[in-house]
Amino acid sequence: MAVEIKKVSKEELDTQRGFVSKVSSLMKSRYEDKPLACVVTYGCQQNVADSEHIKGMLEEMGYAFTDDRTKAKLVIFNTCAVREHAEDRVFGNVGALKKYKLQNPDVIIALCGCMMQQKHIADKIKKSFPFVDLVFGTHVVHKLPELLYKALTGKRRVFELPDMDGVIAEGVPVKRDNDRKAWIPIMYGCNNFCSYCIVPYVRGRERSREVEDVVAEFKCLVKEGYKEITLLGQNVNSYGKDLNPRVSFSKLLRILNDLDGDFRIRFMTSHPKDCTKELIETMAECDKVATHLHLPFQSGNDRVLKAMNRSYTREKYLSLINYAKELMGDELSITSDIIVGFPGETYEEFLDTVSLAKEIKATSLFTFIYSPRPGTPAAEMDDPVPYEEKSRWMRQLLKVQEEISAEQMALHKGKTFKCFVYAKGKQGDNYLAARTDGNLIIEFEGDEGLIGSFQKIKVTEPLTYVMLGELERNDI
Ligand code: 5AD
Ligand code: SF4
C-alpha cells in the first residue's frame with residue numbers, strides 16, 4: 001500500500017549519522033587502509049545525482065573510491081529500468097562478479113536504483129543471484145548507512161524495497177564527480193504515465209524540493225566555484241505545483257538567475273504538455289539561463305502521441321518551438337528524445353516523426369527503439385513490426401538528422417561564443433572541449449588550465465556534431 005510523500009525527518013537523518021559512525025569504526029577495525037568502493041551508474045542524470053549522494057555517504061563512512069570492481073570491498077550498481085538493454089547489461093555485469101565474491105567473501109555486492117523497484121527484478125535477484133548482499137530501492141537511498149551496516153554485520157541478505165509515493169531527503173552528503181559542473185535535483189518522480197514508460201512506477205509521484213533548499217544548494221555551489229549547474233527533474237515544468245504556496249519553474253529560474261556570480265543554469269527534462277510561453281520568455285530574458293531547450297516530442301504523429309498518452313499534439317509542440325525560435329533566434333538550441341517503433345506505429349506514422357525532425361531542426365536527437373516495459377500499458381499493445389524493420393526506420397531517421405545537424409553547425413562558421421571549457425578534447429593532444437550556451441561543442445587548442453572556466457571561442461570549422469574553433473580572448 002502506497003503511503004503519503006514526506007520529508008525525511010531530522011531524527012531519521014540523525015539515526016543515519018549514527019550508522020555512519022558505526023560503519024566507519026567497523027571499517028577501521030577490519031582494514032588497515034581505507035576500503036575501496038566502486039559505484040557503477042547506469043541511465044539518466046537523476047541516477048548520476050543519486051550516485052553522487054551515495055558516494056558522499058560512503059566517503060563519510062571511511063571509503064575511498066576505485067573504478068576497478070575487482071579491487072573494491074564494496075560494489076554498488078545503481079541501475080536503470082527505462083529500456084531492456086540497460087537491464088540486460090546490469091544482469092551481465094553483476095553475474096560477472098560471482099567468482100570475485102566467492103573468492104572474497106568480505107566483499108559486499110549491492111544493487112539499487114530503478115530496476116530494483118520492480119518486483120519481478122527483485123525476485124530474480126533473490127533467487128538467481130544469491131551472492132548479492134544488499135538491494136535497496138529509489139526511496140531509501142538516504143538509509144544506505146543503516147542498510148550497509150546490516151549487510152556488513154548480519155547473517156542475512158538485506159532487501160529494502162518499500163512501495164511508496166516517495167520522500168524528499170535534504171542534507172544527505174554529496175561527493176560530486178566534477179568540481180565545476182554540478183547537478184541539482186529540484187524535483188523527483190513523475191505523474192505523467194506515458195504509456196511506454198516505467199519511470200512513474202519506480203520513481204513515485206512528483207514532489208518538489210522547497211525553493212529555499214534549492215537556492216541554498218545553488219548558492220553553495222556558486223561559492224565553491226561551480227560554473228555550470230543543471231537543474232534536474234523528470235518534468236521540471238511542473239516544479240512547484242505541489243508546494244505551498246505554489247511556485248512556478250519560471251519563478252525558480254528567475255530567482256536563481258538573480259543570484260550574484262558568473263555561472264550558467266541548465267535544466268532538463270521539459271515536457272511539452274507543461275512547457276509554457278512564460279518559461280520560454282524566462283529563458284530568453286534571463287542572461288544566465290542557457291538557451292538550450294531539451295523538449296522531447298517522442299513522435300510526430302498525433303495518433304501515436306495519443307496512444308503514448310503524451311497529452312499534446314504535433315501542432316502544439318511546433319507552436320512552442322516556433323515561439324522559442326522567435327524569441328531566441330540563432331541562439332536557441334533544441335534537442336529532443338524520440339521513440340521509434342511504438343507498438344502499432346506504421347511506417348507512414350513514423351514518417352511524420354521524420355518530417356517533424358526536419359521541421360524543428362534540432363541540434364541533436366536522442367533516439368530509441370521502443371522497448372517493452374512489463375507493467376506499462378504499451379507492453380500489452382499489439383506490436384507487429386519486427387525489430388529489424390524498426391532498426392531500418394531508425395537508420396533512416398539518423399541519416400536525416402545527421403544532415404540537419406551538419407547544416408545547423410555550418411550556420412555558426414565565423415561566430416564567436418562564450419563557452420564553458422569542460423574537458424580535454426578528442427580532436428588532438430592539445431585540444432580542449434567547450435560548450436556554448438546552446439549546448440554545442442567546440443574543440444580548440446589551448447592550455448589545460450582553462451578547463452573549468454568560461455572563454456570566448458570563434459568557430460573556424462563546423463563538423464557534424466562538433467565544431468573546431470580558436471580561442472578569441474581569455475579575459476572573461
Ligand atoms: N522504450 C524506448 N525508449 C523509452 N524511453 C522511455 N521509455 C522507453 C521505452 N519503453 C525514452 C523516452 C524518454 C527517454 C528518457 O527514454 O524517449 O524521453
Ligand atoms: Fe516517462 Fe513520460 Fe514521465 Fe518522462 S514524462 S519520465 S517519458 S512517464
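The values are calculated or read from the model by the stated rules, or taken from the named source; none is laboratory data. Note that the structure is a prediction, hence the values are computed from the model and not measured. Neighbour counts are summed over all protein chains in view; Cβ atoms, including those assigned to glycine, are modelled from backbone coordinates with ideal geometry. For accessibility, only protein heavy atoms count, side chains too; no ligands or nucleic acids. Shrake-Rupley method; radii C 1.70, N 1.55, O 1.52, S 1.80 Å.
With the gyration tensor restricted to C-alpha atoms of region 178-290, the semi-axes of the equivalent ellipsoid amount to 24, 16, 13 Å, longest first.
Computed from the C-beta positions of Lys456 and Asp123, the FRET efficiency with R₀ = 56 Å rounds to 0.50.
When a 1.4 Å probe is rolled over the protein heavy atoms, the share of accessible surface on the chain that falls to carbon and sulfur comes to 49 percent. Principal semi-axes of the equivalent ellipsoid, √(5λ) from the alpha carbon gyration tensor of region 338-382, are 23, 13, 6 Å from largest down.
Largest first and in whole Å, give the semi-axes of the chain's equivalent ellipsoid, each being the square root of 5 times a Cα gyration tensor eigenvalue.
On the way: eigenvalues 267, 160, 106 Å².
Working through the eigenvalues yields semi-axes of 37, 28, 23 Å.
Here the ratio of the Cα radius of gyration of region 416-471 to 2.2 N^0.38 Å is 0.94. For the pair region 197-212 and region 344-380, the centres of their Cα atoms are 24 angstrom apart.
Using the structure shown, list the pairs from Lys101/Lys155; Lys227/Lys456; Lys71/Lys99; Lys34/Lys155; Lys10/Lys251; Lys181/Lys277 with a Cα-Cα distance above 18 Å, or answer none.
From the list (Lys101/Lys155; Lys227/Lys456; Lys71/Lys99; Lys34/Lys155; Lys10/Lys251; Lys181/Lys277), the Cα-Cα distance tops 18 Å for Lys34/Lys155; Lys10/Lys251; Lys181/Lys277.
Given 0.36 nm per residue, what is the gain on full extension from Asp242 to His85 after removing their alpha carbon distance, in nm?
Working: separation 157, 0.36 × 157 = 56.52 nm, distance 3.40 nm.
Length gained, Asp242 through His85: 53.1 nm.
Only beta bridges with both residues in region 300-435 are counted; by DSSP, about 40 percent of them are antiparallel. Ranked by the mean number of other Cβ atoms within 10 Å of their residues, highest first, the peptides 99-112, 127-140 come out as 127-140, 99-112.
The phi-based Karplus calculation (6.51 cos²θ - 1.76 cosθ + 1.60; θ = phi - 60°) puts the 3J(HN,Hα) values of region 89-99 at 4, 4, 4, x, 6, 5, x, 5, 8, 4, 4 Hz, whole numbers, x for Gly and Pro.
Measuring how big region 306-461 is from its alpha-carbon positions, Rg and Dmax come out at 19.1, 56 Å. In region 242-375, one over the average inverse separation of all distinct C-alpha pairs is 16.1 Å, which is the Kirkwood hydrodynamic radius. Accessible surface computed residue by residue for the chain, with neighbouring protein chains in place and a 1.4 Å probe, gives 45 Å² per residue.
From the P(r) of region 10-160, could you give the percentage of C-alpha pairs in the tail past 27 Å? Intermediate results must be reported in sequence, preceding the final value.
Numbers: 1700 of 11325 pairs.
In whole percent, the long-distance tail amounts to 15.
Given Cβ point charges of +1 (Lys, Arg) and -1 (Asp, Glu) and nothing else, what value in debye, to the nearest 20, does the dipole of region 291-411 about its Cα centre take? If you can, show how the numbers build up before the last one.
Values: 13 positive and 19 negative charges, 33 e Å.
Around 160 debye, computed over region 291-411.
Put simply, the amide H of Met187, placed in the peptide plane, has neighbours under 5 Å in Arg209, Leu232, leaving out anything fewer than 5 places away on its chain. For the chain, Cys38, Cys44, Cys80, Cys112, Cys114, Cys190, Cys220, Cys275, Cys286, Cys419 have no disulfide-compatible partner, since no other Cys C-beta lies under 4.7 Å from theirs. Which loop-located chymotrypsin sites (Phe, Trp or Tyr not before Pro) does region 220-299 contain, where loop means any DSSP state but H, G, I, E or B and the Cβ has at most 12 other Cβ atoms within 10 Å? Listed in order of number, the matching sites amount to none.
What's the magnitude of the charge dipole for the chain around its Cα centre, counting Lys and Arg as +1 and Asp and Glu as -1 at the beta-carbon? Answer in Debye, nearest 20. Numbers along the way, then the final one.
Numbers: 68 positive and 70 negative charges, 299 e Å.
I would put it at about 1440 debye.
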